[in-house]
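Undergrad: If you scroll down you'll find the structure; I have some questions about it.
The values are calculated or read from the model by the stated rules, or taken from the named source; none is laboratory data. The shown structure was predicted, so the numbers you read here are calculated from the model rather than taken from an experiment. For neighbour counting, all protein chains shown are included, and Cβ atoms are generated from backbone atoms with ideal geometry for every residue, glycine included. With ligands, DNA and RNA removed, areas are computed over all heavy atoms of the protein, side chains included. Shrake-Rupley method; radii C 1.70, N 1.55, O 1.52, S 1.80 Å.
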Amino acid sequence: MVSWLSLQPPGIVGVVSNLSAAGQEAEGKIYRFFWALGPDLFEGLPAILGDLGPAPFQDGSSGNAAWAADGFLFHLLPQSSEPGQAVPAGSHVRLNLQTGAREVKLQEEDKFRSNLKGLKKGRRLDINTNTYTSQDLKSALAKFKEGAEVESSKEDKARQAKVKRLFRPIEELKKDFEELNVIIETDMQIMVRLINKFNSSSSSLEEKIAALFDLEYYVHQMDNAQDLLSFGGLQVVINGLNSTEPLVKEYAAFVLGAAFSSNPKVQVEAIEGGALQKLLVILATEQPLPAKKKVLFALCSLLRHFPYAQQQFLKLGGLQVLRSLVQAKGTEMLAVRVVTLLYDLVTEKKFAEEEAELTQETSPEKLQQYRQVPLLPGLREQGWCEIIAHLLALPEHDAREKVLQTLGALLATCRDRYYQDPQLNRTLVSLQAEYQALAALELQDGEDESYFRELLGSINSLLKELR
């Protein structure tokens, strides 16, 4: 198609990329537009172009300004009445003898597109505006979406049919297994069977231990641990702590520790069921070390993030029980776990109170419970400042790390006790020299992890505070 466009006095000429339709001139405007998608969109073109602002890029062939917006590609040419004004590359200019105006001959669509080759980001669809209107396009889009939904529905049905062919309903499988004398059990059914086995007077000690061992695997899951409450299984395990068999006590505590972990509902039921008292009794009496180890694990799981249990722990003399446990011979492993528990309880209470002041997110009831836990005064009165300080003599680096952390957490409470303990200062100075050498070797070896340097930093901080 060939069109001749009159060159106006100084102004701008705008040309859209699709020249399959006749051009129209906007009266009273300094632009000339050619519609591309139908006459109903033509009236908005001046506003669209006016909102575009400065030209975002240049015509690759002529260097003139160009815009692309809403499916239109505008090629804008600065106009002047002077000879040699810029026109699209390859265009022909003539003088109209009837009007006296200079005119530019627009090229055919394919040639015009080649002139704007630097602006194209993909192939454009040549729409015949005599056949399709904007309403037709909207209708076609709606039908396309409906077709996609229908196709998606067909695919879902086909996938479901494939799954049905590959897998069989659970009821059919149960019938087949029953014929084979194989029973499929849910977790709940398995736990009921294990509790019955453990609680049966006819079960041997080995069978009871095996039942508890298997049960511990299931109650690690929060839902299973809560299901244990529904049929009284938790209380049966708690009562197992009264057994005269150390192994039963050990594995019953093992199950309870797994069930208590991060499970508030089970923790509450355990307190009401007397678990805390039974655990403290075992720790306070002569028992094998493995049994006390599992019982301490259950106690830690019960106390963490449960301020009411911490209150009851203090009322029942829990700190005295732990003090005796730590000071007994051959319990160094348990001593480290006790120190870790105390550190966790101190920092947990401190964090809960600080978080409540800053964010106001902690529930008033829970915050009030934490404030009713006199943990720090109890530790000071029971002599834990000195007990923890003396544990720095343990040879393991991991044990020393936990002791240093706890000493730092108790610094505000135990500062005067630390000042009055000359052995603590001597121990810190000795450890400082030891870890300076280890940190130097660590740095010399180019190790990324700075474990010994961190320990050295904790020691230096304590020494600085105590000077």
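Undergrad: Taking the Cα-to-Cβ direction at Lys174 and at Lys464 and moving 7 Å from each Cα, how far apart do the two end points lie in nm?
TA: Once both label points are built, they end up 6.7 nm from each other.
Undergrad: Something else: Of the accessible area of the stretch 298-370, with the probe set at 1.4 angstrom, what percent is carbon plus sulfur?
TA: Carbon with sulfur: 51 percent of the solvent-accessible area.
Undergrad: Something else now. If one computes the Cα centroid of the stretch 187-217 and of the stretch 282-324, what distance in Å separates the two points?
TA: Cα centroid of the stretch 187-217 versus Cα centroid of the stretch 282-324: 25 Å apart.
Undergrad: Using DSSP to call loops (not H, G, I, E or B), can you name the chymotrypsin sites (Phe, Trp or Tyr not before Pro) in the stretch 158-222 whose Cβ has at most 16 other Cβ atoms within 10 angstrom?
TA: Filter output for the stretch 158-222: Phe167.
Undergrad: Residue by residue through the stretch 198-210, which ³J(HN,Hα) values in whole Hz follow from phi under the Karplus form 6.51 cos²θ - 1.76 cosθ + 1.60 (θ = phi - 60°), with glycine and proline marked x?
TA: 5, 8, 6, 6, 8, 7, 6, 4, 4, 5, 5, 5, 4
Undergrad: What are the ³J(HN,Hα) values, in whole Hz, obtained from phi via the Karplus relation 6.51 cos²θ - 1.76 cosθ + 1.60 with θ = phi - 60°, for each residue of the stretch 225-230 in sequence order, with x given for Gly and Pro?
TA: 5, 6, 5, 4, 6, 5
Undergrad: While we're here: What does a probe at Glu185 reach in the stretch 216-249, counting residues whose amide N is under 20 Å from the point 7 Å along Cα→Cβ?
TA: Inside the label zone: 216-238, 240.
Undergrad: Let me ask something else about it. Got a number for the accessible area of Ile209? Probe 1.4 Å, square angstrom, nearest 10.
TA: 30 Å²
Undergrad: What does the extension gain come out to for Arg371 and Ser430, with contour length at 0.36 nm per residue minus their alpha carbon separation?
TA: So the chain would gain 17.4 nm between Arg371 and Ser430.
Undergrad: Using each residue's phi in the stretch 171-176, evaluate 6.51 cos²θ - 1.76 cosθ + 1.60 at θ = phi - 60° and report the 3J(HN,Hα) Karplus result to the nearest Hz, with x for Gly and Pro.
TA: 5, 5, 5, 4, 4, 5
Undergrad: Looking at this model, which pairs from Lys197/Lys366; Lys278/Lys402; Lys197/Lys329; Lys197/Lys292; Lys175/Lys265 are more than 30 angstrom apart at the alpha-carbon?
TA: Beyond 30 Å between Cα atoms: Lys197/Lys366; Lys197/Lys329; Lys175/Lys265.
Undergrad: Right, another one. With a 1.4 Å probe and all protein chains in place, put Tyr251, Tyr418 in order of accessible area, largest first. Don't skip to the end; give the middle numbers.
TA: Details: Tyr251 50, Tyr418 10 Å².
Listed by decreasing accessible area, they come as Tyr251, Tyr418.
Undergrad: How much accessible area per residue does the stretch 416-467 have, in Å², with a 1.4 Å probe?
TA: Averaged over the residues of the stretch 416-467, the accessible area is 65 Å².
Undergrad: How much length would be gained if the chain were fully extended between Lys162 and Ala142, taking 0.36 nm per residue of separation minus their Cα-Cα distance, in nm to one decimal?
TA: Residue separation times 0.36 nm, minus the Cα-Cα distance, leaves 4.2 nm.
Undergrad: Each label point is 7 Å from the Cα along the Cα-to-Cβ direction; what then is the distance between the points at Arg380 and Glu354, in nm?
TA: The answer from the label model is 2.0 nm.
Undergrad: In the stretch 358-447, which GluC sites (Glu not before Pro) are in a loop and have at most 15 other Cβ atoms within 10 Å, using DSSP for the loop call?
TA: Working: sites: Glu361, Glu365, Glu381, Glu386, Glu396, Glu401, Glu434, Glu442, Glu447; in loops: Glu361, Glu396, Glu447.
Those satisfying the criteria are Glu361, Glu396, Glu447.
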